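Participant: Here it is: the structure, laid out below.
Nothing in this text is a laboratory measurement; each read-out follows from the coordinates by a stated rule. No experiment lies behind these values; they were computed from the predicted model shown. Cβ sites come from the backbone with ideal geometry, for glycine too, and all protein chains shown count toward neighbours.
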Amino acid sequence: MTSSMTRPLPSLAQYSGRDPNEPLAGPAESRYLGGMPRLLPPGPGPAGLRAHLARFGAPPLDWAGRGLVAELQAAGLTGRGGAAFPTYRKLAAVAGHRRPAVVIGNGAEGEPASSKDKTLLWAAPQLVLDGLQLAAAAIGSGTAGLYVHRDQRLHQWLAASIAERAAAGLDLVPVELIAAPARFLAGEESALASRAAGGPALPRFKPPRASERGVADRPTLVQNVETLAQLALIARYGAAWFRSAGTTDEPGSMLATLHQADGQMLVVETELGTPIRDLLRLPAPAVLVGGYHGAWIPGGLAERLPLTNAALRPLGAAVGAGVLAALPADRCGLAETARVVRYLALESAGQCGPCFNGLPRIAGALAELASPWPRPEIIADVRRWCGLVEGRGACRHPDGTVRLVRSALEVFAAELDQHILGRCAGSSNRPFLPLPPDLALDEADWR
Amino acid sequence: MERQLRVNPIACSGHGLCAELLPELITLDEWGYPILPGGPVPRRLHRHARRAVADCPALALALTDAA
Amino acid sequence: MTAITQSTALWYASRATGVVSLLLLTLVVVLGIAVNRQGRLPGLPAFAVTGLHRSVSLLSVLFIAAHVATAVIDPYVSIRAAAVVIPFVSAYQPFWLGLGAVSLDLIAALILTSLARARMPRRAWRGIHWLAYAAWPVALIHSIGASPDLRSGGLRLLAIGCTLTVGGAGLWRLAQRAREMPRAERAAAVLAASEPPVRRPARPSFVPDREAR
C-alpha cells in the first residue's frame with residue numbers, strides 16, 4: 001500500500017521514541033526464553049550478594065590462575081560485546097605480555113538499541129563482578145575496573161554491590177568504578193582505555209592495541225560485562241555445561257535486546273541458534289540485526305533464519321551486540337535508517353578526516369533519499385562515500401556505519417524506487433528505533 | 001624486506017605532501033586526505049616513500065614492516 | 001677612520017652575520033607558520049614550503065655558527081667558548097650575550113629534534129617545536145641589547161620590520177587557532193552543510209482515504 005505525501009524531515013525533537021540513556025526500571029522488562037536462566041536471576045528483582053552466593057557459591061579464584069584460560073578455550077566462549085572474539089585468546093594475549101596488567105569490564109553500552117548490559121548490571125551485578133575477579137586472577141592482574149554508563153542510580157547500585165563483596169572479603173582485587181560518557185563510541189576499546197586513564201573517551205590510533213598498551217601503558221584486558229558473567233559461570237560449571245546450550249560452532253546462551261513492532265522493548269536470555277521468529281513477532285518488512293553497526297535483513301529471510309553468525313554472515317549481518325528490531329509495517333525503513341545514520345554521523349569523534357567528512361555527507365544524502373522525490377544520482381554519491389570512509393578511520397565507526405547503509409540500500413531497494421516516484425509505503429512518521437536526544441558538541445561531552 | 005605505508009588518520013590533517021612526493025602510490029580523496037595502497041611498497045619507490053614519511057608535517061605517515 | 005685590522009674584521013663579521021641570522025630566523029618562523037597553516041607559495045607544491053622551511057633553518061644555523069665563532073675568536077673582547085651555550089657566564093656583556101646563548105640553546109633543540117623527528121614520538125617533537133616562539137624573541141632582544149647596530153638608522157628599521165613580521169604572523173596564527181572548529185563540532189558542521197533543505201513538493205500532495213501524517 002503506497003501513498004503520496006510530503007513528510008517533514010525528522011527533526012531532533014522527534015528522535016527519541018525512548019531515551020535509551022534513561023535508567024531502566026530494573027529487570028522487570030527482562031525475561032529468559034526456553035526456561036533456562038543462566039545469567040538472569042530466576043526471581044523478580046535484582047539478586048543481592050546473599051541470593052547470588054546461595055545460587056552459585058563463591059567464585060573459584062584459587063583455581064582461576066591455573067585452569068580458567070584452558071576451560072574458556074574448551075568452552076568456546078566468544079566476546080558478547082559485538083566483535084565475538086574468542087575470549088581465551090584475549091586473556092592469553094594480555095597475560096603473555098608479562099607486565100602488570102589491568103582488567104576492565106565494559107558496561108558502557110553506547111549502542112542505543114541495546115539494553116542488555118544495563119539490564120545485566122541491574123539484575124546480576126555479582127555475576128559480572130565474579131567474572132572480573134576471575135579474569136584478574138587468571139591473568140595475574142592486581143588492578144580492575146568496571147566501566148559503566150554515567151548514570152547515578154546505576155553507579156550507586158554497583159558501588160553498593162562492590163562494597164558488599166569487599167565487606168564479605170570476597171574480592172582479591174579492588175574494583176574501581178569508571179564513568180563512561182553517553183557516547184556511541186564510549187565502549188570502543190581504545191576509547192575505554194583513554195577514559196579509564198583519566199582522559200576523554202576518544203578512540204586512539206592502533207597499534208599498539210589496548211591488550212599491549214592500554215591504561216597507563218599497561219596491557220589491558222577489556223571484556224564486555226556479559227562475557228564476564230558467562231566466564232563466571234564457566235568457571236563454576238565447566239565447558240561442557242556451557243556447550244549444552246547454543247550450537248556446536250557458536251555455543252552458549254546470550255542476552256538479546258528485542259524491539260517488537262508494537263514498540264515493546266525486551267531483554268531476553270536465549271541461546272545461540274534460536275530461530276529469530278521465536279524471538280521477534282514476525283512477519284515484518286525487515287529486521288535490523290546486531291545494532292546500529294549491524295545490518296538489515298529482509299523480513300521473509302528473518303522468518304527462516306536462526307540467530308547465529310553462520311546463518312547471518314552470508315547476508316552481511318552478524319549477531320553483534322544481540323539487538324533484534326522488527327520494522328513495523330507502517331514505518332519507512334529508509335527514514336529509520338536515515339535517522340540512525342544521522343545520529344552515527346554526529347557521534348563521530350571528529351578525529352579522522354574521512355570519517356567526519358564522509359559520514360555526515362552520507363547522512364545528508366540518506367535524509368534526501370528518505371524524503372519524497374530524491375534526486376536518483378545521489379545514490380551513486382552514497383556508494384562512493386561508503387567506499388571512501390571504509391577502513392580509513394582510527395576505529396571501526398565508519399566501517400560499521402557503512403555496513404548499515406549498504407544493507408539498507410539493498411533491503412529497501414524497492415522503497416527507494418518508490419521514493420524516487422514520490423511515493424512511500426510508510427504511513428507513520430513516528431520514530432521507531434531509539435536514539436538519545438542530545439548532541440555532543442563539547443569536549444566535556446566526551447568525558 | 002617488505003615495507004608497507006600506514007597513515008595515522010588522527011594525526012593526519014590533509015597537508016597532501018605525501019601525494020605530491022609519492023604520486024605513484026598515494027592519491028588524495030575529495031576531502032584532501034591520503035588514500036594508501038594496500039600492498040607492499042615496490043623496492044624502487046622505497047627512497048621516495050622514506051622521503052614522504054620524513055616530510056609529512058604532521059608525522060602521520062609511517063613505513064612499517066609488512067604485517 | 002681607523003684602519004680595518006684583522007681584529008675589527010672579525011668584529012664586523014660577527015655583527016654582520018648576526019644581522020643576517022636574525023633575518024633568516026624571521027624567515028624561518030614565517031615559513032614554519034605557513035607550513036602549519038597549509039599555506040602555499042605561488043606556483044610551488046606543498047613540499048616546497050616545507051623544504052624551504054628546512055633549508056632556510058639549516059642556512060641560519062650556518063650563519064649563527066659564523067656569528068658565534070667570530071665573536072669568540074675575536075681577541076678584542078673576551079668571550080669564552082663556553083659562553084656560547086651556557087647563558088650569562090661571559091665576561092663581556094654577560095646579560096645580553098647570555099640571552100644569545102639561551103636563544104642558541106633553544107634553536108639547537110629545535111634543529112636536533114627536527115633532524116631526528118621520524119625517530120621520536122610525534123607529540124614530543126611537536127611540544128619542543130613550540131619553543132620556536134620563545135627562541136625568536138630572545139634572539140631579537142639579544143640583538144638589540146648586545147650591539148648598538150639595531151638601535152639606529154637602517155638597521156633599526158630592519159629590526160622593526162622583522163618584529164612586525166613575526167608578531168603579525170604569530171598573532172594571525174593564534175587567531176586561526178582560536179577560530180578553528182573544535183573537534184567535537186566537526187561532524188555537526190559538515191552535517192549542517194550536507195543536510196537537504198526542507199523542500200516544498202513539486203506538485204501539491206494528495207492525502208488518500210487514510211490520514212497520512
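Participant: Springs between alpha-carbon pairs under 10 angstrom, Gaussian network model over chain A: which of A:Thr227, A:Thr143, A:Thr248 fluctuates most?
Facilitator: Of the options given, A:Thr248 has the highest mean-square fluctuation.
Participant: Averaged across the residues of B:7-18, what count of C-beta atoms belonging to other chains lies within 10 Å of each residue's C-beta?
Facilitator: Other-chain Cβ atoms within 10 Å of each residue's Cβ, averaged: 6.
Participant: If you take every residue apart from A:Ala310 with its C-beta less than 15 Å away from the C-beta of A:Ala310, what net charge results, scoring Lys and Arg +1 and Asp and Glu -1?
Facilitator: Taking every other residue near A:Ala310 into account, the sum is -1.
Participant: Okay, moving on. Treat the count of other C-beta atoms within 10 Å as a stand-in for reagent exposure and order A:Trp446, A:Trp157 from fewest to most.
Facilitator: A:Trp157, A:Trp446
Participant: Take chain A, connect every pair of alpha-carbon atoms lying under 10 Å apart with a spring to form a Gaussian network, then pick out the residue of A:Arg98, A:Arg281, A:Arg165 with the largest mean-square fluctuation.
Facilitator: A:Arg98
Participant: Follow-up. Below 8 Å, C-alpha to C-alpha, sequence gap of six or more: please give me the relative contact order for the stretch A:35-243 in percent.
Facilitator: Answer for the stretch A:35-243 is 31 percent.
Participant: Hey, could you grab the Kirkwood Rh for the stretch A:334-374? Inverse mean 1/r over distinct alpha carbon pairs, Å, one decimal.
Facilitator: 10.2 Å
Participant: Right, next: Less than 12 Å Cβ to Cβ from A:Leu177, Lys/Arg counted +1 and Asp/Glu -1: what total charge do the surrounding residues give?
Facilitator: Its environment carries a net charge of -1.
Participant: In degrees, nearest 10, range 0 to 90: what is the angle between the Cα axis of helix A:61-75 and the longest Cα principal axis of chain A?
Facilitator: 40 degrees
Participant: Once you wrap a convex hull around the alpha carbon atoms of the stretch A:303-381, what is its projected area averaged over all directions, in nm²?
Facilitator: 7.1 nm²
Participant: Using the Cα atoms of chain A to build a convex hull, what is its mean projected area in square nanometres?
Facilitator: Its Cα hull, projected and averaged over all orientations, spans 19.4 nm².
Participant: With only alpha-carbon pairs counted, each pair once and no self-pairs, how large is the Kirkwood hydrodynamic radius of chain C in angstroms?
Facilitator: This gives a value of 20.7 Å.
Participant: Could you give the alpha-carbon Rg of the stretch A:138-218 over 2.2 N^0.38 Å, rounded to two decimals?
Facilitator: 1.18
Participant: Then there's this: Helix A:353-369 sits at what angle to the longest principal axis of chain A, using alpha carbons and giving 0 to 90 degrees rounded to 10?
Facilitator: 50 degrees
Participant: Now, a different point. Which of the helices in chain C, when you take each full DSSP H run, stretch at least 27 Å along the axis at their Cα atoms and have an average Kyte-Doolittle score of 1.6 or higher?
Facilitator: Length and hydropathy pass: C:46-73, C:94-115.
Participant: Now for a separate question. Cα atoms only, the stretch A:253-326: Rg and Dmax in Å?
Facilitator: In order Rg, Dmax, the Cα atoms of the stretch A:253-326 give 10.5, 29 Å.
Participant: Still on this structure, I have one more. On each of the three principal axes of the Cα atoms of the stretch A:35-243, give max minus min coordinate, whole Å, ordered largest first.
Facilitator: In descending order, the Cα extents are 44, 37, 32 Å.
Participant: With springs connecting C-alpha atoms under 10 Å apart, model chain A as a Gaussian network and identify which of A:Ala239, A:Ala338, A:Ala197 has the largest mean-square fluctuation.
Facilitator: A:Ala197
Participant: Can you give the helix-only mean residue ellipticity at 222 nm for chain C, where every DSSP H stretch with n ≥ 4 adds -39500 (n - 2.57) and the sum goes over all residues, rounded to the nearest 500 deg cm²/dmol?
Facilitator: Calculated at 222 nm, the ellipticity per residue is -22500 deg cm²/dmol.
Participant: Cα-based Rg (one decimal) and Dmax (whole number) for the stretch B:3-65, in Å?
Facilitator: 10.3, 29
Participant: Can you list the residues of the stretch A:375-415 with backbone N under 13 Å from a point 7 Å past the Cα of A:Leu421, pointing along Cα to Cβ?
Facilitator: A:414-415
Participant: In addition: Is there a quick way to get the dipole size of the protein assembly as shown? I mean about its Cα centre, with the Cβ of Lys and Arg at +1 and of Asp and Glu at -1; what is the value in debye to the nearest 20?
Facilitator: 1360 debye
Participant: Would you list A:Ser427, A:Ser407 from fewest to most Cβ contacts within 10 Å?
Facilitator: Ranking A:Ser427, A:Ser407 by Cβ neighbours within 10 Å, fewest first, gives A:Ser427, A:Ser407.
Participant: May I ask for the angle, rounded to the nearest 10°, between helix A:152-167 and the longest principal axis of chain A, with both axes built from Cα atoms and the value confined to 0 to 90°?
Facilitator: 20 degrees
Participant: Could I ask something else about it? Have a look at A:Ala47, B:Asn8, A:Tyr343 and report the one farthest towards the positive end of the charge dipole of the protein assembly as shown, computed about the Cα centre with Cβ charges (Lys/Arg +1, Asp/Glu -1).
Facilitator: B:Asn8
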